[in-house]
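Trainee: Take this structure first; my questions come after.
Read-outs throughout are calculated quantities, based only on the coordinates presented, and are distinct from any laboratory measurement. These numbers come from a predicted model, not from an experiment. Counting neighbours? That spans all protein chains shown, and the Cβs are built from the backbone with ideal geometry, glycine included.
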Amino acid sequence: MKYFLLVLGLIIAAIGAILYTMSNFNLGILMTILLGGVFFLWGLFYEKTKTGILKIFRNVFVVSLCLELVFVGFLGCYGNVDNTDYTEDAVIVLGAGVRGDQITMPLWHRLTAAVSYHEKNPDAYIVVTGGQGAQETVTEAYAMEKYLIKRGVDPDKIIKEEQATSTEENMRFSKAILDEKLGNDYSVVVITNHFHIYRGVAIAQKEGFLDVTHMHGGLEWYNVIPNYLRETLAVLKMWIID
């Protein structure tokens, strides 16, 4: 068990470190590195964690880890079950990190899902939403529009929202645009990665969308830990503070 924990800690920390070089640094990457560090320290001091105060810390960590796994299971199950019927009036594709002017893999999955949806319902408007953040030379919406056009989406069906810096603003600003274009009676499908679906839909409803469905994009295995760790905190914040 000691060596298992040591190796597990090194692997998780290495995933975080590699992602730091591949994508924009965020809280999820930091939490991944820290999680790897905790497992490594647990293995390093394995015998000492059987008694005293270190045993208490170990037990708290184990309980927290079990709760996190349950939480991740809930978010994953919810996000992987789409309920779109391909008759919605508009699509909202939530932005994700852009490295320079190139889309990252999580965003690629969202856009791939949007293209798939467009092939079945080409009449729906597609709102690409996301401003420009650190390590980005263009807005996320601009990079998303560029990708969709390359994939054959009609430019007249794409609406750019380039000011949002959070999921709340994604929805708020997108709703203002769609209200002006479609009036008050329309339906939307939210497209994002499966880990983000639950919060995306909840915020859409909070911001006033009345008829909301959802469709998910995938995620690479090495992005699972950082994204779900970060999303757990975001959902807890939404429940407790927002």
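Trainee: Please rank V70, V38, fewest neighbouring Cβ atoms within 10 Å first, as an exposure proxy.
Mentor: On the way: V70 10, V38 17.
Going from least to most buried by this count: V70, V38.
Trainee: Roughly how many nanometres apart are two label points built 7 Å out from the Cα toward the Cβ at F61 and C77?
Mentor: The modelled label-to-label distance comes out at 2.8 nm.
Trainee: Separate question: Helix-only mean residue ellipticity at 222 nm, the chain, DSSP H runs n ≥ 4 weighted -39,500 (n - 2.57), per residue, nearest 500. What is it?
Mentor: Values: 8 runs with 137 residues, N = 242.
It comes out at -19000 deg cm²/dmol, rounded to the nearest 500.
Trainee: Then there is this: Between F4 and E180, what length comes free when the chain is fully extended (0.36 nm per residue of separation minus the Cα-Cα distance, one decimal in nm)? Spell out each step's value before the answer.
Mentor: Details: separation 176, 0.36 × 176 = 63.36 nm, distance 5.73 nm.
Length gained between F4 and E180: 57.6 nm.
Trainee: Ok, one more. How high is the relative contact order of segment 92-148, in percent, with contacts defined as C-alpha pairs under 8 Å that are six or more residues apart? Mind dumping the intermediate values first?
Mentor: Details: 76 pairs, mean separation 27.0, N = 57.
Reported relative contact order: 47 percent.
Trainee: Would you kindly work out the equivalent ellipsoid of segment 25-122 from its C-alpha gyration tensor and give its semi-axes, the square roots of five times the eigenvalues, largest first in whole Å? Walk me through the numbers on the way to the answer.
Mentor: Working: eigenvalues 344, 65, 13 Å².
Equivalent-ellipsoid dimensions as semi-axes: 41, 18, 8 Å.
Trainee: Along the charge dipole of the chain, which of Y186, P106, V153 sits closest to the positive end, that is, farthest toward it, with unit charges on the beta carbon of Lys, Arg, Asp and Glu (+1, +1, -1, -1)?
Mentor: Going by the Cα projections, it comes out as P106.
Trainee: Can you list the lysines whose alpha carbon is less than 29 Å from that of K206, not counting same-chain residues fewer than 8 positions off?
Mentor: Partners found: K120, K157, K160, K175, K181, K237.
Trainee: If you don't mind, another one. Counting other C-beta atoms within 10 Å, and keeping those with at most 12, which DSSP coil GluC sites (Glu not before Pro) do you find in segment 189-242? Working shown, then result.
Mentor: Details: sites: E207, E220, E231; in loops: E207, E220.
Those satisfying the criteria are E220.
Trainee: Further, regarding this structure: For segment 91-166, take the convex hull of the Cα atoms, compute a quarter of its surface area, and give me that in nm², please.
Mentor: On the way: hull surface 17.0 nm².
Average of the hull's projected areas for segment 91-166 equals 4.2 nm².
Trainee: Right, here's the next one. Give me the one-decimal Kirkwood hydrodynamic radius in Å for segment 2-79, with the sum taken over alpha-carbon pairs. Could the numbers behind the result be given before it?
Mentor: Numbers: mean 1/r = 0.0734 Å⁻¹.
After inverting the mean inverse Cα-Cα distance, the result is 13.6 Å.
Trainee: Ok, one more. Using a Förster radius of 41 Å, what is the FRET efficiency between M238 and K157 based on their Cβ-Cβ separation? Nearest 0.05, please. Spell out each step's value before the answer.
Mentor: Values: r = 31 Å, r/R0 = 0.75.
The value I calculate is 0.85.
Trainee: Separate question: Most exposed first by the Cβ proxy, i.e. fewest other Cβ within 10 Å, how do I240, I177, I92, I126 rank? Show your work: numbers first, answer last.
Mentor: On the way: I240 7, I177 17, I92 29, I126 26.
Arranged by neighbour count, lowest to highest, I240, I177, I92, I126 become I240, I177, I126, I92.
Trainee: Just report the Cα centroid separation between segment 52-126 and segment 188-218, whole Å.
Mentor: Value for the Cα centre distance between the two parts: 10 Å.
Trainee: Among L107, L10, L178, which comes first, then next, by fewest other beta-carbon atoms within 10 Å? Intermediate results must be reported in sequence, preceding the final value.
Mentor: Working: L107 26, L10 15, L178 21.
Neighbour counts put them in this order, fewest first: L10, L178, L107.
Trainee: Now, a different point. Mean separation of Cα pairs under 8 Å and 6+ residues apart, divided by the residue count of the chain: what relative contact order is that in percent?
Mentor: Working: 395 pairs, mean separation 54.7, N = 242.
This gives 23 percent for the chain.
Trainee: Right, here's the next one. Which number comes out as Rg/Rh for segment 90-221 once both Rg and the Kirkwood Rh are worked out on C-alpha atoms? Write out the running numbers ahead of the final one.
Mentor: Details: Rg = 13.2 Å, Rh = 14.3 Å.
Reported Rg/Rh (Cα atoms, Kirkwood Rh): 0.92.
Trainee: List, largest first, the extents of the alpha carbons of the chain along their principal axes, each in whole Å.
Mentor: Sorted from largest, the Cα extents of the chain read 65, 33, 28 Å.
Trainee: I would also like to ask the following. Note down the relative contact order for segment 2-79 as a percent, whole number, built from C-alpha pairs under 8 angstrom at least six residues apart.
Mentor: Values: 61 pairs, mean separation 24.6, N = 78.
Relative contact order of segment 2-79: 32 percent.
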